[in-house]
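Structure first, commentary second.
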Amino acid sequence: MRKLSFSVEIHDTRAAMGKAAGERAEALLLAMLQQKEELRLIAASAPSQNEVLAYLVQSKRIDWSRITAFHMDEYIGLPADAPQNFGNWLKERFFGKLPFKDVHYLRGDADEITECKRYAALLKAAPIDMLLCGIGENGHIAFNDPPVADFADPHRVRVINLDEVSRMQQVHDGCFATLDAVPKTAFTLTIPILLSAAAVVCTAPGASKTAAATSMINGPIETACPASILRQHPCCHVFLDAESGPSPILARL
C-alpha cells in the first residue's frame, strides 16, 4: 500500500502563498533532476497560477533545458492567436520565458479526434514528473467538470462540453467580457493522466475558491468535487491564501 502525502498550507497573503508554492515546486524539481536526466511537466493556465509561475521564471537553480512541458487544457474554436488560448497564456507567462527542452501545445483549431490522439501519444511517451495545477470554482481540475469528471477515464485527452460554472469562471477571471464569448467545448487532459504525475503542486487563491477548497479538503472523494481525488495522490501539496482557506478549513485538517 502506498503512503499518501497530502499537505495543505494556508498563507496570509496571495503573494506569500505563491512564493511558498514556487519554492516547493522548485525543491521537488531539483530533487527529481538529481535522480533523472530529463523531466516532464504539466502546467495549468489560470490567474491562480500567476504567483507560482512568476517564482519559477525567476529561479536560477533549475536546468529547464532538461524539462519538457505540456499544458492541461485548451479551448476549441478560438483563433490560434487569441490571447485567451491557454497555450498562448502560458507561452507569455511561463513557457516562452524559460529554455525548456521542448514545449508541446494543444491546438484548439485542429481536428478534434486527430488532436486528442496526437497529444495522448506525446503524453504516453514517458512518465509525467510534475503537475502544477489549480482548482475551479466548481472543484474541477483541468476541464474535468463535475458533470463529466471520471476518476477512471480510459483516455488521456478528450473533448468535453464546458460546464456553465466553468465558463462563468473565465468571465470572473477577466479572460472574457461575457459568458456568450466563452467557448462551449475544450480539450482536457483527463484525471488519470493528471494523477499520474509523480508530484502535484496545487495553488488556489481567492474567495471564489473557498467552497471548492473546503470540499476538496474536507468533503467526500467524489466527482461532485473532482479535485477531491487529489487527497489520494502520493505526493500532493496544496497552497491556499487567507481568502480561499479560512479558519474553518484549517481547524478540520
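Each reported figure results from applying straightforward, stated rules to the coordinates on display, with no laboratory input. Computed from a predicted structure; not experimentally measured. Don't worry about glycine lacking a Cβ; one is built from the backbone with ideal geometry, like all the others, and counts go over all protein chains shown.
Observations, loosely collected:
- Sparsely packed trypsin sites (Lys or Arg not before Pro) within the stretch 40-79, loop by DSSP, other Cβ within 10 Å at most 11: K60, R61
- The shape of the stretch 51-159 comes out rounded: with a ≥ b ≥ c from the C-alpha gyration tensor, a/c is under 1.5.
- Above-threshold pairs, the threshold being 21 Å between Cα atoms, out of K124/K184; K60/K101; K19/K124; K19/K209; K36/K101; K60/K209: K124/K184; K19/K124; K60/K209
- Theoretical ellipticity at 222 nm over the chain - DSSP helices of four or more residues, -39500 (n - 2.57) apiece, nearest 500: -9500 deg cm²/dmol
- Dipole of the stretch 174-253 [Lys/Arg +1, Asp/Glu -1 at C-beta], most positive-end residue of V238, I193, A207: I193
- Considering all C-alpha pairs of the stretch 104-253, those separated by over 22 Å amount to 41%.
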